[in-house]
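I have placed the structure first, in the form of structure tokens, so that the comments after it can refer back to it.
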Amino acid sequence: MSELHRKLERSAVGFVVAIIFMASIGGLVEIAPLFTIDETVEDAPDMRVYTPLELAGRNIYIREGCYACHSQMIRTLQDEVERYGPYSLAVESQYDHPMLWGSKRTGPDLARLGGKYSDAWHVAHLINPRDVVPESVMPKYGWLQRNDLRIDDLGAHLSAMKAVGVPYSDEMIANATNDAFGQTLPDSDFAEGVSERYGEETNIREFDGDTSRVTEMDALVAYLQILGRLTDAAYQQAAGNQSSQDQQAQSQQAQSQPLGSTAK
Amino acid sequence: MVSQLTPGERIAALITLILLAVIGLFMAAAGRADPLGAHGFVVLLSSTGLIFLLLSKSNGTPPDPARLLQYYDDPTKLGIILSMIWAVFGLFIGVWVASLLAWPDLTFDAAWASFGRLRPVHTTSVIFGFGGNALIATSLHVLQRTSRARLPEQFSPWFVLLGYNLFCILAVSGYFLGVTQSKEYAEAEWYADIWLVIVWVVYFGIYIRTLARRQEPHIYVANWYYMAFILVVAMLHIVNNLAIPVSMGHAKSYSAFSGVQDAMTQWWYGHNAVAFFLTAGFLGMMYYYLPKRAERPIFSYRLSIISFWGITFMYMWAGSHHLHYTALPHWVQTLGMSFSIVLLVPSWASAGNALATLNGAWHRVRDDATLRFMMVAAVFYGLTTFEGSFMAIRPVNSLSHYTDWTIGHVHAGALGWVAMITFGTFYCLVPWMWKQERIYSPKLVEWHFWLALSGTIVYVFAMWNSGIIQGLMWRTYNESGTLTYSFLESLVAMEPYYIARAFGGFLFLAGAVVGSYNIWMTIRMARGVPATPMDDLPVSRLAPEAGE
């Protein structure tokens, strides 16, 4: 072996080729199959895409680095399921470019945050977390309420998402700016288009309580309120796990109370 | 720096800078409604600044041909200085973000100064600013010495060093502005990523061209590691950063991958950034400077081979241990765990090789803080790789993941191994580069050593405590079968450890400030004092080729 290596280390090109070959194997074996094996991501026919406002909120979540302290991935461990809710499924982040599973919980997991608190709570909490949770060490995000959200380019954002594989329709792309506006103004003419395109259950509210303009706060709260609610596949699976006797009935029951029981 | 360039190299530099300025102008115009515009100005200003410098220092006279008989070390010198600047800046931000977890209001009411934006500023400044500049500076030094050949020309090393720092500035200023991909340790956006690829190709070009000129038949071990660092980081960087920008006028892009595939790609990248940036590159450093300083040959050639190929092959499988119990398929988790455990063998082969090299030189370790830096680095390397293999075991990971234990593990590696080997190397290299007999003050090196070591130990112990307490509190049940602690209770329990951690970080920062002062005074000492005679010279290209 030493003799062979003595030869190899006399050739720069040979050495380069050897490094590339040796280093490529692991990634090819582990990553490539994830794109080809069908069971990797579950089916969820009810899964919807993010609305333009929610996507803008998600981009604020990314911009402010929220993922550095909050995970969005409930592991398959008893205590996590009891604390946060049903464990996360791969399908739940299939439209997440990039994923925000996170690696650290300085704050709690947010995978099932949607619907757990009121909009007003989120707004107060983001402006000063210590007003509602005195022991919190989260930063204040007061400027979100002061900043207008940029909505004129949301169509381009949706197109880029479409280019990487998210099924946005041409209609969604064309109406992106109006839909972002409409989602924060339930009484306006634009609101109807949002529920038409993204479903009746879409949250259409004045998220930050200020109807005069669309703020970054609106977008972020809209995003936080949809976390874990794009599909109820995880709840169906949890119901199925609880009782394997009659899965059909269980999942119907779960559907009849869509996401009713939120995580504790 | 300019006076050494030939007229041809000056023209190449000028054309490159003008092109860059045009790109900057284009970015500024296309991105005027976006943070991209600000970055356009950064590119424009830095390239016009360099054009001004180039023109003002060019006097038309070609450089002294005698320079070709010496190694080309000017980029290495600047690299060392830049590396120390990044170290102090990055560590300062680190102490700040650490303090924010104990005193969350210790900041300004401004977006740029919030924890989420500062945290990647800290990680990028220390990993890429401090670590990357140290790797570039030392690799160019080691490459020439072990090849006994001068760099092929003098333009591309400057392109790599300055271009790389432009990448770091774009990345870090981007986080302040809110420009981030959110991929940990790969947060920089698409245009900075493309720029880094260009810089990296030129860097590889320098390496392969200098090796082609080498006057030694064998390529030395240190260069294996530096080459693995350059090649594999390129692979990882390109694949993980595949993305589609919103438009040419937007800084924002959307990752080509989503969900579980994105998670696996990200941690394949993330873990191997640790492996090939923070391990392979710095092992290259260790394999050259430690034996040099100890004046002992490397203990075992065979161990070097085993550990090099072991690391190159096995690390690439280990990334999935970051995703235990997640929605990643179980078989991938199991593969990642298995390879992570086996990885201990090549890791300890390297650490053991380094420590065994010191046999017969332990009296020097006792007396010389520079060598002691390197010895402690090898010890921390061994400890951290053991801890890493341990934490990759699935049930252990169920406790440690998402907690501060991970942060403690990372810092044992980053402070104890990466930073210590770098400081030891710099204390060797600075007197050599500025032709001095010794560093300005050995006593200050001693101070730096103890500050760095105590800071690391305080930090790591604080994080072990907080991480394990956190992990246990999250999973504790009471007699009635419900969870005992709320999340908030686990957070409140962290406070003393967060204060201790900030203090440990402060000690480490203080050490880096002392070190920077010492290095700066050594450089000043070199002014006016005659250089010590040169005994390290490349084999003259004019002389008949010996050996082969």
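The values are calculated or read from the model by the stated rules, or taken from the named source; none is laboratory data. As the structure is a prediction and not an experimental result, all values here were calculated from the model. All Cβ positions, even for glycine, are placed from backbone atoms using ideal geometry, and neighbour counts span all protein chains on display. Accessible surface is based on the protein model in full, side chains and every heavy atom, while ligands, DNA and RNA are left aside. Shrake-Rupley method; radii C 1.70, N 1.55, O 1.52, S 1.80 Å.
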Identify all residues within the stretch A:70-80 that are open to solvent by 10 Å² or more (accessible area, probe 1.4 Å) and within 15 Å of the chain's Cα centre (by Cα); write none if there are none. A:His70, A:Gln72
Would you confirm whether or not the stretch A:212-224 contains a residue that is touching a Leu at 6+ places or on another chain (Cβ under 9 Å), touching a residue at least 24 places away in the same chain (Cβ under 8 Å) and part of a loop (DSSP other than H, G, I, E, B)? yes
Residue check for A:Leu100: surrounded by 21 or more Cβ atoms within 10 Å (Cβ to Cβ) and farther than 25 Å from B:Leu335 by Cβ: no
Residues of the stretch A:81-104 that turn out to be more than 8 Å from chain B (Cβ to nearest Cβ) and touching a strand residue (DSSP E or B) at 6+ places or on another chain (Cβ under 7 Å), as a count: 0
Across the stretch B:455-495, what is the total count of residues that are in a helix (DSSP H, G or I), open to solvent by 40 Å² or more (accessible area, probe 1.4 Å) and either in contact with a Leu (Cβ under 7 Å, 6 or more places away or on another chain) or under 14 Å from B:Ser400 (Cα atoms) (or both)? 7
What about B:Gly129, is it within 23 Å of the chain's Cα centre (by Cα), free of Cβ contacts under 8 Å to residues at least 40 places away in the same chain and buried (at least 20 other Cβ atoms within 10 Å of the Cβ)? no
Assess whether B:Val197 counts as being farther than 30 Å from B:Thr107 by Cβ and either assigned by TED's automatic domain parsing to the domain that holds B:Trp434 or of a type in the set (D, E, K, R) (or both). yes
Can you spot a residue in the stretch B:54-72 that is in a helix (DSSP H, G or I) and crowded, with 18+ Cβ neighbours inside 10 Å? no
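Results for (1) basic (Lys, Arg); (2) open to solvent by 20 Å² or more (accessible area, probe 1.4 Å); (3) not in a helix (DSSP H, G or I), shown as yes or no for each residue.
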{"position": "B:Tyr498", "(1), (2), (3)": "no, no, no"}
{"position": "B:Phe503", "(1), (2), (3)": "no, yes, no"}
{"position": "B:Phe506", "(1), (2), (3)": "no, yes, no"}
{"position": "B:Asn518", "(1), (2), (3)": "no, no, no"}
{"position": "B:Thr522", "(1), (2), (3)": "no, no, no"}
{"position": "B:Gly528", "(1), (2), (3)": "no, yes, yes"}
List the helices (runs of 4 or more DSSP H) that sit entirely inside the stretch A:105-175 and contain at least 1 residues that are more than 13 Å from every other protein chain (Cβ to nearest Cβ) and free of Cβ contacts under 8 Å to residues at least 24 places away in the same chain. A:119-127, A:170-174
Checklist (1) outside any loop (DSSP other than H, G, I, E, B); (2) within 11 Å of another protein chain (Cβ to nearest Cβ); (3) open to solvent by less than 10 Å² (accessible area, probe 1.4 Å) applied to A:Gly57, failing item: (2)
For the stretch A:9-24, give me each residue that is more than 7 Å from chain B (Cβ to nearest Cβ) and open to solvent by less than 70 Å² (accessible area, probe 1.4 Å). A:Ser11, A:Gly14, A:Ala18, A:Ser24
Just the residues that are of a type in the set (A, V, I, L, M) and under 19 Å from B:Phe339 (Cα atoms), please, taken from the stretch A:1-44. A:Ile19, A:Ile20, A:Met22, A:Ala23, A:Ile25, A:Leu28, A:Val29, A:Ile31, A:Ala32, A:Leu34
